[in-house]
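Visitor: Please read through the structure below; I'll follow up with questions.
The values are calculated or read from the model by the stated rules, or taken from the named source; none is laboratory data. The structure displayed is predicted, hence computed values, not measured ones. Cβ placement follows ideal geometry from the backbone for every residue including glycine, while neighbour counts extend to all protein chains displayed.
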Amino acid sequence: MIIYFLKVKDFILTDKSVTLFAPGFCSRVILPCLFIIFLAGCNSSKNLTSESIEKLLPLEETKELITTLSADEMQGRNVGTFGIEKAAVYIETYLRESGVDPMFGNSFRDNFTAGNEKTDNVVGIIPGTDKNLSSEYILIGAHYDHLGMIDNSDDMIYNGANDNASGVTTVMQIASAVAKFKPRRSVIVALFSAEEKGTQGSAHLAEKLSKAGKAPACVINVEMVGIQLTESPEKVYLTGFKKSNMATRLNTLAGEEFIQFLETETRYALFYRSDNYPFFKQLNIPAHTISTFDFTNYKYYHHTEDEVEHLDMQNMNTIIKKLALAVAKLANEDHLGISLD
């Protein structure tokens, strides 16, 4: 197609006929070719740079997504409520419009029951373009449920801005960016329900993907990234840091050591307390959670005041861009290069 465009361009430049420059001709031939060339450029790992990613992930969109997800209208996104259904519709609409396909035929929904409540994981896929790599899956995920509402309080709604609208926003924006680069390897995009009920959504999806022969090769889960690490702005930590070489691999792809080890994480055994763990337990694969919550930098954990005005949007957007670059490159590498230690 690039060769075709050059021929058209040369023809126009050398032909004497003014009619060839009519707006209709330009819009039908030149502009479509330019658009195709732009898409072809996006479809190359050579164009995966921090600059190209940055253009796709504006700060204003980060603010819009997390503000919407944590709004009072979402009613705290508790399992089995109108609010979490509204959030699910919002998420799947964004994914569809961003070029992410439904994971299950025409549906993004993975239905299951948590306790007595019916609920859904929202799951999409960015199909790989390489015939040899498309059957190898990277999963990026975050839980979108929270604690709902409480009676007898001036502030009744657990908005869950940091926990975990920040993680959901991160995954949504990463998916949008990665989809535009048409990755060689397939990327599963999973927003889990019922994490607050004991990681039930991720456990259900891990089993379902395994039975379908689509078990991921690795899992990158995102949880509470809306504030700065106390001593490391624009950086994150990885739970279960020493269980695999994931941090080293992603840091190499990102071109900087932005994923760190946090001793506090091991003390609180956070590796076993988020949606990464069911995948590790059931599938024995590298599965970790990325976070910035270090127990000293945010006093509104599981509090009704966990709202967007307390978050550092700029820091969060920077983290999204770094992680998106690493994930996009990982999806295009000849070899995944991530394994359990």
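Visitor: When you check Ser202 against the structure, is it at pLDDT 95 or above and touching a helix residue (DSSP H, G or I) at 6+ places or on another chain (Cβ under 6 Å), yes or no?
Guide: Yes, satisfied.
Visitor: What is the residue count in the range 178-196 for residues that are buried (at least 24 other Cβ atoms within 10 Å of the Cβ) and of a type in the set (Gly, Ala, Ser)?
Guide: 3
Visitor: Tell me yes or no: at least one residue of the range 156-176 is of a type in the set (Val, Ile, Thr), over 21 Å from Arg77 (Cβ atoms) and under 14 Å from the mean Cα position of the chain (by Cα). Walk me through it before giving the result.
Guide: The first filter runs over the range 156-176 and keeps only residues of a type in the set (Val, Ile, Thr), leaving 157, 168-171, 174.
If we keep only those that are over 21 Å from Arg77 (Cβ atoms) as well, we get none.
No, that holds for no residue.
Visitor: Can you find even one residue in the range 321-338 that is of a type outside the set (Ser, Thr, Tyr), part of a helix (DSSP H, G or I) and surrounded by fewer than 18 Cβ atoms within 10 Å (Cβ to Cβ)? Quick ask: steps written out before the conclusion?
Guide: Here is the first cut: in the range 321-338, the residues of a type outside the set (Ser, Thr, Tyr) are 321-338.
Remaining after also requiring part of a helix (DSSP H, G or I): 321-330.
Those left that are additionally surrounded by fewer than 18 Cβ atoms within 10 Å (Cβ to Cβ): none.
No: the range 321-338 contains no residue that is of a type outside the set (Ser, Thr, Tyr), part of a helix (DSSP H, G or I) and surrounded by fewer than 18 Cβ atoms within 10 Å (Cβ to Cβ).
Visitor: Here's a follow-up. For the range 321-341, which positions are of a type outside the set (Lys, Arg) and under 18 Å from Asn132 (Cβ atoms)?
Guide: Within the range 321-341, Leu330, Ala331, Asn332, Glu333, Asp334, His335, Leu336, Gly337, Ile338 meet the criteria.
Visitor: Checking the condition acidic (Asp, Glu), at pLDDT 95 or above, more than 15 Å from the chain's Cα centre (by Cα) and closer than 20 Å to Ile140 by Cα, which residue from Asp101, Asp110 passes?
Guide: None of the others qualify; the one that does is Asp110.
Visitor: Separate question: Considering only the range 212-243, state which residues are buried (at least 22 other Cβ atoms within 10 Å of the Cβ) and aromatic (Phe, Trp, Tyr).
Guide: Passing the criteria: only Tyr237.
Visitor: With respect to Leu209, is the statement that it is aliphatic (A, V, I, L, M) and surrounded by 22 or more Cβ atoms within 10 Å (Cβ to Cβ) true?
Guide: yes
Visitor: Right, another one. When you scan the range 115-150, how many residues do you find that are under 23 Å from Lys214 (Cα atoms) and in contact (Cβ under 8 Å) with a residue 40 or more places away in the chain? I'd like the intermediate steps shown before the answer.
Guide: In the first step, residues of the range 115-150 are kept if they are under 23 Å from Lys214 (Cα atoms); the result is 119-144.
Checking which are in contact (Cβ under 8 Å) with a residue 40 or more places away in the chain leaves us with 119-130, 133-144.
Selection size over the range 115-150: 24.
Visitor: Of the conditions (1) surrounded by fewer than 23 Cβ atoms within 10 Å (Cβ to Cβ); (2) out of contact with any Gly (no Cβ under 9 Å at 6 or more places or on another chain); (3) at pLDDT 95 or above, Ala87 fails just one. Which one is it?
Guide: (1)
Visitor: Let me ask another. Could you tell me which residue of the range 50-77 is farthest from the chain's Cα centre (by Cα), considering only residues that are free of Cβ contacts under 8 Å to residues at least 40 places away in the same chain and over 19 Å from Ala175 (Cβ atoms)?
Guide: This residue is Glu73.
Visitor: Using the structure shown, decide if Thr289 is farther than 15 Å from Ile138 by Cα, in the same structural domain as Leu323 (by TED's automatic domain parsing) and not aromatic (Phe, Trp, Tyr).
Guide: So Thr289 does not fit the description; no.
Visitor: Scan the range 273-287 and tell me whether some residue there is aliphatic (A, V, I, L, M), touching a residue at least 40 places away in the same chain (Cβ under 8 Å) and either farther than 22 Å from Asp334 by Cα or surrounded by fewer than 23 Cβ atoms within 10 Å (Cβ to Cβ) (or both).
Guide: Taking every residue of the range 273-287 in turn, at least one turns out to be aliphatic (A, V, I, L, M), touching a residue at least 40 places away in the same chain (Cβ under 8 Å) and either farther than 22 Å from Asp334 by Cα or surrounded by fewer than 23 Cβ atoms within 10 Å (Cβ to Cβ) (or both).
Visitor: Further, regarding this structure: Kindly check whether there is at least one residue in the range 100-112 that is crowded, with 24+ Cβ neighbours inside 10 Å, in contact with a helix residue (DSSP H, G or I) (Cβ under 9 Å, 6 or more places away or on another chain) and not aliphatic (A, V, I, L, M).
Guide: yes
Visitor: For the range 300-319, name all the residues that are over 20 Å from Glu257 (Cβ atoms), surrounded by 15 or more Cβ atoms within 10 Å (Cβ to Cβ) and not β-branched (Val, Ile, Thr).
Guide: Tyr300, His303, Asp306, Glu307, His310, Leu311, Asp312, Met313
Visitor: Let me ask something else. Right, Asp294: surrounded by 18 or more Cβ atoms within 10 Å (Cβ to Cβ), more than 23 Å from Met172 (Cα to Cα) and in contact (Cβ under 8 Å) with a residue 12 or more places away in the chain or not? Before you say what the answer is, go through the steps one by one.
Guide: Details: surrounded by 18 or more Cβ atoms within 10 Å (Cβ to Cβ): yes; more than 23 Å from Met172 (Cα to Cα): yes; in contact (Cβ under 8 Å) with a residue 12 or more places away in the chain: yes.
Yes; evaluated as a whole, the condition is true for this residue.
Visitor: Another one. Hey, among the residues in the range 259-272 that are surrounded by fewer than 20 Cβ atoms within 10 Å (Cβ to Cβ) and not hydroxyl-bearing (Ser, Thr, Tyr), which one's nearest to Ala194 (Cα to Cα)? Write out each step before concluding.
Guide: First, the residues of the range 259-272 that are surrounded by fewer than 20 Cβ atoms within 10 Å (Cβ to Cβ): 260-261, 263-264, 266-269, 272.
This time we only want the ones that are not hydroxyl-bearing (Ser, Thr, Tyr), so: 260-261, 263, 267, 269.
Numbers: Gln260: 28, Phe261: 27, Glu263: 28, Arg267: 25, Ala269: 20 Å.
In this case the residue turns out to be Ala269.
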